[in-house]
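Right, one structure below, let's go through it.
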Amino acid sequence: MKILWKLEKAFVKDIVEKYPDPKPHYNTISSLVRLLQDKGVIGFNPYGNTYQYFPLISKEAYRRSFMSDVVSDYFDNSYQNAVSFFVKE
């Protein structure tokens, strides 16, 4: 998602190119992109046999959802406990 947020729109080959070496296999990224599409976080525009992908969720919205899940799952739904943990660590 970080790469797609940065590029805004990309084909799988564009995403693979942005990975550091050793780059993941094209099919690995293609599978990952399809999973993200199934989850509704990315969309696509078809171009012949290929697809150009784009994020449907902003980085900020993802961050809010992610942090909410972390606080709920690991800190008994207490942001105070989460902040305390990160300050200590």
(request) Sort the following peptides by mean Cβ neighbour count (other Cβ atoms within 10 Å, averaged over residues), highest first: 77-89, 42-54. (result) 42-54, 77-89
(request) Counting only heavy atoms of the protein chains, get the accessible area per residue of the chain (1.4 Å probe) and round it to a whole Å² value. (result) 77
(request) Apply the Karplus parameterisation 6.51 cos²θ - 1.76 cosθ + 1.60, with θ equal to phi minus 60°, to every residue of segment 49-64 and state each ³J(HN,Hα) to the nearest whole Hz, in sequence, with x for glycine and proline. (result) 8, 10, 10, 9, 9, 8, x, 9, 10, 6, 4, 5, 5, 5, 4, 4
(message) As an exercise, take the mean of 1/r over every pair of distinct alpha carbons in the chain, invert it, and state the Kirkwood radius in angstroms.
(response) 15.0
(request) Would you pull out the residues with amide H under 5 Å of residue 52's amide H, same chain only if 5 or more places away, H placed 1.01 Å from N? (result) 45, 47
(message) Ignoring everything except DSSP H segments at least 4 long, calculate the 222 nm mean residue ellipticity for the chain; use -39,500 (n - 2.57) per segment, divide by total residues, nearest 500.
(response) -17500 deg cm²/dmol
(message) I'd like the carbon and sulfur percentage of the solvent accessible area for the chain, probe radius 1.4 Å, heavy atoms only, ligands and nucleic acids excluded.
(response) 53
(message) Among 21-28, 8-15, how do they line up by average Cβ neighbours within 10 Å per residue, starting with the highest?
(response) 8-15, 21-28
(request) Subtract the Cα-Cα distance of residue 27 and residue 60 from 0.36 nm times their separation in residues, and report this length gain in nm to one decimal. (result) 9.0 nm
(request) Obtain the nm distance between the two label points defined at residue 37 and residue 14 by a simple spin-label model: each point lies 7 Å from its Cα along the Cα-to-C-beta direction. (result) 1.5
(request) Determine the dipole magnitude for segment 13-53: charges of +1 sit on the beta-carbon of Lys and Arg, -1 on that of Asp and Glu, nothing else is charged, the reference point is the Cα centre, and the result goes in debye to the nearest 20. (result) 60
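The values are calculated or read from the model by the stated rules, or taken from the named source; none is laboratory data. Given the structure is predicted, the values throughout are model-derived calculations rather than measurements. Here Cβ is always computed from backbone atoms with ideal geometry, including for glycine, and neighbour counts include all displayed protein chains. Each accessible area value is taken on the protein alone, full model and side chains, heavy atoms only, with ligands, DNA and RNA left out. Shrake-Rupley method; radii C 1.70, N 1.55, O 1.52, S 1.80 Å.
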